[in-house]
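The values are calculated or read from the model by the stated rules, or taken from the named source; none is laboratory data. Note that the coordinates shown come from a computational prediction; the quantities given were computed from them, not determined experimentally. We place every Cβ from the backbone using ideal geometry, glycine too, and count neighbours over all the protein chains shown.
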Amino acid sequence: MKKSLWLCLIPAALFAQAPVPPAPPSPDAWKGYSGYHRHDGFYLSLNLGPAFGGTVIDMSGSDRPADETLYRGGGILADLKIGGAVRENLILSFDIIGRTITRPEVEMNGAVLDAPGDLAISDNSYGIGLTRYFMPHNLFVGGTVSVARMVSTVDDEHFASKWGYGLHVKAGKEWWVSANWGLGVSAGYGFQAADDQEASGVDYSGELTSHQFYILFNTTYN
């Protein structure tokens, strides 16, 4: 009987001496942190979403059978921003923006053509962006001025324009999901323009312009 009593008391004594695990941090624990829900310091924003619009090649000044060719359709646009706050709620960033349309509709001089199934049209911009946040509602507007070019891909061959210029503007809202991370949504417009490459032995002088309207889902650290 005494042996059974000891066997019962030993586990009880071990549990009595075991350290009590710390309580999980309160959701409000970060509120005293100086950067809590503030747009200051390092800035990283990753944005992705559908884009609509097209790319036009104007060949009216060339000895070509078509004056204008339009590539249009839905695609995906990605927007990466890396930078920092020049002052609170004002962000300066380096931006990389790219949009790709796979299997676009092709229209030449008003007539719709059958395009190759592996045709893809893309435009890429590299530039400087400025984003302004309006607190405490976490609304923002932003713009990017960039160098840009357009690329067509068919049969695994790439045909790139010369470098031109681009402009992007967008506005949106974010919601804080931690002390520094936010998720949000935005809508924007982009424009690029560039001269096409010359073709040897051919009288060709094409000018390309690209327009995009897009909706992006934002993931931002600041």
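Asp155 fulfils the conditions (1) over 21 Å from Ala78 (Cα atoms); (2) in contact with a Leu (Cβ under 6 Å, 6 or more places away or on another chain) except for a single criterion, (2). Looking across the stretch 112-135, the residues that are of a type outside the set (A, V, I, L, M, F, W, C) and without any contact (Cβ under 8 Å) to a residue 24 or more places away in the chain come down to Asp114, Gly117. In the stretch 57-101, the qualifying residues are those that are assigned to a strand (DSSP E or B), of a type in the set (Ser, Thr, Tyr) and farther than 19 Å from Tyr214 by Cα, and the one that is modelled with the lowest pLDDT is Thr69. Which one of Ala78, Ala85 is in contact (Cβ under 8 Å) with a residue 60 or more places away in the chain and closer than 30 Å to Tyr43 by Cα? Ala85 is the lone residue from the list that is in contact (Cβ under 8 Å) with a residue 60 or more places away in the chain and closer than 30 Å to Tyr43 by Cα.
Among residues of the stretch 125-151 being farther than 19 Å from Leu44 by Cα and surrounded by fewer than 19 Cβ atoms within 10 Å (Cβ to Cβ), the one that is nearest to the chain's Cα centre (by Cα) is Val147.
Listed conditions (1) crowded, with 16+ Cβ neighbours inside 10 Å; (2) closer than 18 Å to Ile215 by Cα; (3) among the β-branched types (Val, Ile, Thr) are all met by Ile121, apart from (2).
Every residue in the stretch 152-170 that is surrounded by 15 or more Cβ atoms within 10 Å (Cβ to Cβ), within 30 Å of Tyr221 (Cβ to Cβ) and of a type outside the set (Ser, Thr, Tyr), please.
If the condition is that a residue be surrounded by 15 or more Cβ atoms within 10 Å (Cβ to Cβ), within 30 Å of Tyr221 (Cβ to Cβ) and of a type outside the set (Ser, Thr, Tyr), then Gly166, Leu167, His168, Lys170 are the ones that fit.
Pairing each residue of the stretch 159-188 that is assigned to a strand (DSSP E or B) with any residue that is among the acidic types (Asp, Glu), provided the two are 6+ apart or on different chains, yields C-beta distances under 6 Å for Gly182/Glu174; Gly184/Glu174. Annotation for the stretch 196-204: no member residue is out of contact with any Gly (no Cβ under 6 Å at 6 or more places or on another chain) and assigned to a strand (DSSP E or B).
The residue of the stretch 88-111 that is surrounded by the most Cβ atoms within 10 Å (Cβ to Cβ), among those that are closer than 19 Å to Leu139 by Cβ and in contact (Cβ under 8 Å) with a residue 40 or more places away in the chain, is Ile91. Of all the residues in the stretch 142-158, those that are charged (D, E, K, R) and assigned to a strand (DSSP E or B) number 2.
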